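K.L.:
For reference, the structure I am asking about is given below.
Every number here is computed from the coordinates shown, using simple stated rules; none is lab data. Note that the structure is predicted; figures quoted are calculated from it, not measured. Cβ placement follows ideal geometry from the backbone for every residue including glycine, while neighbour counts extend to all protein chains displayed.
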Amino acid sequence: MQATYAGKEGRRAFVAQMLGGMCEVQWENCTGMAQDVHEWWARGTGGAIVPGDKAARQGQRFVAVCRRCHGELDLDLPRARNEGWVR
């Protein structure tokens, strides 16, 4: 698991590249600045956590989100699915 997170192609490096911009979801009460990376295909169901072959096979998508919108995506799954933020 450490190999998945460490190194120039690991999760930490990938997240660092994605953050720093604006939240892509921008639901009500959005704080604006992206602080998290949301996976369209959830990790808990086997979703890839970095771009690569597995992510490509799954059609995985990664979205830069603020912490508030990230929480809302988990709390309002019907809306998140309807808007295409989760699988």
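K.L.:
Hey, any idea what the orientation-averaged projected area of the convex hull of the stretch 2-82's Cα atoms comes to, in nm²?
P.N.:
5.6 nm²
K.L.:
If you don't mind, another one. Which FRET efficiency, nearest 0.05, do Arg12 and Asn82 yield, Cβ-Cβ r, R0 25 Å?
P.N.:
With a Förster radius of 25 Å, E is 0.20.
K.L.:
Rounding to the nearest 20 debye, state how big the charge dipole of the chain is about its Cα centre with +1 on each Lys and Arg Cβ and -1 on each Asp and Glu Cβ.
P.N.:
Using Cβ point charges on Lys, Arg, Asp and Glu, the chain gives about 300 debye.
K.L.:
Taking the simple approach of a point 7 Å from Cα along Cα-to-Cβ for both Gln26 and Arg61, what is their distance in nm?
P.N.:
Taking the simple label geometry, Gln26 and Arg61 are separated by 1.6 nm.
K.L.:
Between Gln60, Gln35, Gln17, find the one with the highest GNM mean-square fluctuation for the chain; connect C-alpha pairs within less than 10 Å.
P.N.:
Top of the fluctuation ranking is Gln17.
K.L.:
Along the positive direction of the dipole of the stretch 2-82 (beta-carbon charges: Lys, Arg +1; Asp, Glu -1; about the Cα centre), which of Cys69, Phe14, Asn29 reaches farthest?
P.N.:
The residue sitting farthest along the positive end of the dipole is Phe14.
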